[in-house]
Amino acid sequence: MRYYILIGILMFASCKDVPQTTEVATNKVESVSNDAQVDIADIDLEIYDFNGLKSMLSTTSEKTYVVNFWATWCAPCVKELPYFEKLNANYANKDVEVILVSLDFPNKYDSNLKPFIIKNELKSKVVALNDTNSNTWIPAISEDWSGAIPATLIYNKDKRQFYEQSFTYDELETEVKQFIK
């Protein structure tokens, strides 16, 4: 219940138990991108509860991960997404991976999230977090996180930093450079 209240408050104030295995949402709805018909059923949206997402939140490798928590209904989140996409493209050969964790409501995956992915031609990995037990997973990501979005976690095997803020591209790049050896 706290999760829904939190999301409701965030929607109006600011943008500031499912199986542990991956599901694939595949309802057929068509959308238009670049004047071509695209079937959203072709998008294999990975849907996780927090236990399933945990493996994406730590590493023992040198690779740096940039995990952004966002939603299609959050204007500051949508505004900064191109910066994450640019970072993903510019740093792919520098062992950096961007993961976009959508906090959209499950009943909006086909009507909002998948069309958004197509329309904006997102190339970064997009997954959906479907876990209403926010009292558990929010502090597990960061003890300092109020639950507001956008929020970003940057980490590799040696360093981990959480940011409850929006980024410009330059700010995001500056932070990521601190993780690259």
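Every number in this text was worked out from the coordinates using simple rules, so none of it is lab data. Model, not experiment: these values are computed from the prediction.
Given axes a ≥ b ≥ c from the Cα gyration tensor, I'd like to know whether the range 44-106 is rounded (a/c under 1.5), prolate (a/b larger than b/c) or oblate. Judged from the Cα gyration tensor, the range 44-106 comes out oblate (a/c at least 1.5, b/c at or above a/b). Kindly identify the range 93-181 as rounded, prolate or oblate by the Cα gyration tensor criterion: order the square roots of the eigenvalues as a ≥ b ≥ c, call it rounded if a/c is under 1.5, otherwise compare a/b with b/c, prolate if a/b is larger, else oblate. Oblate, since a/c reaches 1.5 and b/c is not below a/b.
When the pairs Lys114/Lys157; Lys108/Lys177; Lys54/Lys108; Lys79/Lys181; Lys114/Lys181 are compared against a 26 Å limit on Cα-Cα distance, Lys114/Lys157; Lys108/Lys177; Lys79/Lys181; Lys114/Lys181 fall above it.
Taking the Kirkwood radius as the inverse of the mean 1/r across Cα pairs, report the Rg/Rh of the range 29-181.
Working: Rg = 15.2 Å, Rh = 16.0 Å.
Rounded to two decimals, Rg/Rh equals 0.95.
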